[in-house]
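Data block below; observations after.
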Amino acid sequence: MMNPAFILILGALPIPFLGRPIRQAWLLALPVVAFWMAFGIDDGTYGQVAVFDYTLVTLRMDGLARVFCFIFLIAAFLGNLYCLNDDDPVQQVAANIYAGSAVGAVLAGDLITLFVYWELTAISSVFLILASGTEQARRAAMRYLIIQVGSGVLLLAGALIHVAATGEIGFNHFGLETTAGKVIFLAFGIKCAFPLLHNWLQDAYPEATVGGTVMLSAFTTKLAVYSLARGYAGTEILITIGATMTMFPIFYAVIENDLRRVLAYSLNNQLGFMVVGIGVGTELALNGTAAHAFTHILYKALLFMSMGAVLLRTGTCKGSELGGLYKTMPWTTGFCIVGAASISAFPLFSGFVSKSMILSALGHEGNWFAWAVLLFASAGVFHHSGIKIPYFAFFAHDSGRRPKEAPFNMLLAMGFTAFLCIGIGVYPDPLYAILPYAVDYHPYTSAHVINQLQLLLFSALAFTFLMTTGLYPPELKSTNLDFDWSYRRFLPCVIRWGGRMIAAADQGARRGLLHLLDEILRLVNRYSGVEGTFARTYPAGSMVFWAVGFLAVFLVLYFVG
């Protein structure tokens, strides 16, 4: 049975050689064919390959893999449609290899196959950042590549330790009890943008191309979420990590001026909900994680699509330079609002039917502190993504810009995505039907709806109060750094300081050595030079006499002994 990942990976290779109309049809057909193949695969393991003493499982389909495989292929189709008019075959090849690698990793049944696809996602995705062509993008791409490849190296190291300890290469539950489990956990955590390991996301994603950011938002971090769900379900430390992930991006997103960076921070926030669900580890929590990953890919892609259309038409995504765009970009404005309502978990939108599952799972387990943190984080994401993004981009002050509406293919991609966001929110049963475990959950209870509406209402009132009183942080032309200050500012300073210290020590050592050699030569010349002490006091004849005398004494002693 052919792996659906191969359709995208191998199908991407002839893209540069196809004419534009055929290439466009080809780009749309690849994920459709791959989805059709994936839909027909029953649960089980396929594609087993014997390598030395181990058996690679290149295709494993089960409930958890299926939901991530489906949404990855849907995202690939929407991304290709959104970028359909881009005349950049290199970027199109990279995007489809990237999507195919993510699908392949989700379907991998062993650690070696997972590692191969893990690294392929890193290498292929970096071209989506480099394609921007700016020096800033190049630097961000190099930092991104180092971190992503480093994650793969850790994954390989953990796999080798695991194989040495157990003799098994299966990609199953690990836990944190073993050294291998800890190393692999760190590898997954880097790709999932754990706190203090997260800045590659805000650094790189906003520097990617208009379509590249849409593709990046769908695969890398959600592949890490899948991997954590596969290997570390029920690991309690993930609740703390996830709760932290939901909190800290809120404050940076509020003061951030670049709206694509705001969305990158909110991506961290939403990942935190999924990580908490994995940490809880119950069937309801894992269903909530898988469902939230599914809906998140859609509404986050929709928000990045709308901001990409704004960037394409205006040349900027700075909140301080936008406003009033609803007048000439009404469709993009409407689609952005749908994405904002979905990420904010408004009833009848997709985020509501998935996020509430995770909150309910926390309540069932009695973890009220984490529940309260996630509730506060829900209000925060409505504040910075649900309100700030559409408000500053399309409303707020009138920037005087009157750009054209987004191209038709972009509108079509946004329209399909918005339809799915609303459709899942109104009728979630088809999504619930493909979740890993049987679903006995009803999101539209009076308590759920009223609590969520109250939360959103008070968050909106807080935003209105801050704006009308002038307390809301102004949109300034600036670049905000958080922990990435450590390697974008502090570490270069340390390296430069260390370089200066080493150079100074080197120069001092050189001067000292030269001075020592000069003193030695001066001493030698003083006693053994042409006019030296030995040359004046002991002529050559005398030296020969003493040499013969010493030789004679040596010979006498030798024969006597």
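The values are calculated or read from the model by the stated rules, or taken from the named source; none is laboratory data. What you see is a predicted model; the values in this text were computed from it and never measured. Quick reminder, even Gly has a Cβ in these numbers, built from the backbone with ideal geometry, and neighbours come from all protein chains shown.
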Margin query: Within the stretch 373-396, does at least one residue satisfy the condition of being aliphatic (A, V, I, L, M) and either outside the structural domain of Phe273 (by TED's automatic domain parsing) or free of Cβ contacts under 8 Å to residues at least 12 places away in the same chain (or both)?
Written below: no
Checklist line | Every residue from the stretch 51-62 that is hydrophobic (A, V, I, L, M, F, W, C) and surrounded by fewer than 15 Cβ atoms within 10 Å (Cβ to Cβ) | finding: Val51, Phe52
Notebook entry, point to check: Of the residues that make up the stretch 199-214, is at least one touching a Gly at 6+ places or on another chain (Cβ under 6 Å), farther than 22 Å from Val49 by Cα and not aromatic (Phe, Trp, Tyr)?
Noted result: yes
Item checked: Of all residues in the stretch 266-282 being assigned to a helix (DSSP H, G or I) and not aliphatic (A, V, I, L, M), the one that is surrounded by the fewest Cβ atoms within 10 Å (Cβ to Cβ) -> Asn269
Notebook entry, point to check: Out of the stretch 404-430, which residues are outside any helix (DSSP H, G or I), buried (at least 17 other Cβ atoms within 10 Å of the Cβ) and not small (Gly, Ala, Ser)?
Noted result: Pro428
Check: In the stretch 102-146, which residues are among the small types (Gly, Ala, Ser), part of a helix (DSSP H, G or I) and touching a Lys or Arg at 6+ places or on another chain (Cβ under 9 Å)?
Finding: Ala102, Ala122
Check: Of the residues Ala65, Ala29, Ala34, Ala76, which single one is part of a helix (DSSP H, G or I), surrounded by fewer than 17 Cβ atoms within 10 Å (Cβ to Cβ) and modelled with pLDDT of 95 or more?
Finding: Ala29
Checklist line | Selection status of Val149, outside any loop (DSSP other than H, G, I, E, B), out of contact with any His (no Cβ under 6 Å at 6 or more places or on another chain), among the β-branched types (Val, Ile, Thr) and surrounded by fewer than 24 Cβ atoms within 10 Å (Cβ to Cβ) | finding: yes
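Results for (1) modelled with pLDDT of 80 or more; (2) surrounded by fewer than 10 Cβ atoms within 10 Å (Cβ to Cβ); (3) out of contact with any His (no Cβ under 9 Å at 6 or more places or on another chain); (4) within 30 Å of Arg143 (Cβ to Cβ), shown as yes or no for each residue.
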residue: Asn480; (1), (2), (3), (4): no, no, yes, yes
residue: Ile495; (1), (2), (3), (4): yes, no, yes, yes
residue: Gly498; (1), (2), (3), (4): yes, no, yes, yes
residue: Ile502; (1), (2), (3), (4): yes, no, yes, yes
residue: Val530; (1), (2), (3), (4): no, yes, yes, no
residue: Thr533; (1), (2), (3), (4): no, no, yes, no
Item checked: Cross-chain or 6+ apart pairs with Cβ under 9 Å, the stretch 281-310 first and farther than 17 Å from Met357 by Cα, then among the β-branched types (Val, Ile, Thr) and not in a helix (DSSP H, G or I) -> Gly308/Thr209; Val310/Thr316
Checklist line | Residue pairs meeting the criteria (Cβ under 7 Å; at least 6 apart or on separate chains; first among the small types (Gly, Ala, Ser), in the stretch 190-217; second at pLDDT below 90) | finding: Gly211/Asp86
Next item on the list: Please determine, by comparing only the residues of the stretch 311-345 that are among the aliphatic types (A, V, I, L, M) and within 22 Å of the chain's Cα centre (by Cα), which one is nearest to Ser356 (Cα to Cα).
Entry: Ile343
Margin query: Which count do you get for residues in the stretch 11-26 that are assigned to a helix (DSSP H, G or I) and loosely packed, with under 15 Cβ neighbours inside 10 Å?
Written below: 6
Note to self: Show me the helices (runs of 4 or more DSSP H) entirely contained within the stretch 283-389 in which 1 or more residues are of a type outside the set (A, V, I, L, M) and farther than 26 Å from Ala406 by Cα.
What the structure shows: 283-314, 350-365, 368-381
Margin query: What are the pairs with Cβ atoms under 8 angstrom where one residue, in the stretch 339-350, is at negative phi and the other, located anywhere, is of a type in the set (D, E, K, R) and buried (at least 24 other Cβ atoms within 10 Å of the Cβ)? Sequence gap at least six, or different chains.
Written below: Gly339/Lys300; Ile343/Lys300
Check: Is it true that Leu186 is under 14 Å from the mean Cα position of the chain (by Cα) and either surrounded by fewer than 20 Cβ atoms within 10 Å (Cβ to Cβ) or in a loop (DSSP other than H, G, I, E, B) (or both)?
Finding: yes
Next item on the list: From the list Leu263, Leu197, Leu176, pick out the single residue that is in a helix (DSSP H, G or I) and touching a helix residue (DSSP H, G or I) at 6+ places or on another chain (Cβ under 8 Å).
Entry: Leu263
Note to self: Whether any residue in the stretch 396-419 is closer than 19 Å to Thr289 by Cβ and within 28 Å of the chain's Cα centre (by Cα) is what I want to check.
What the structure shows: no
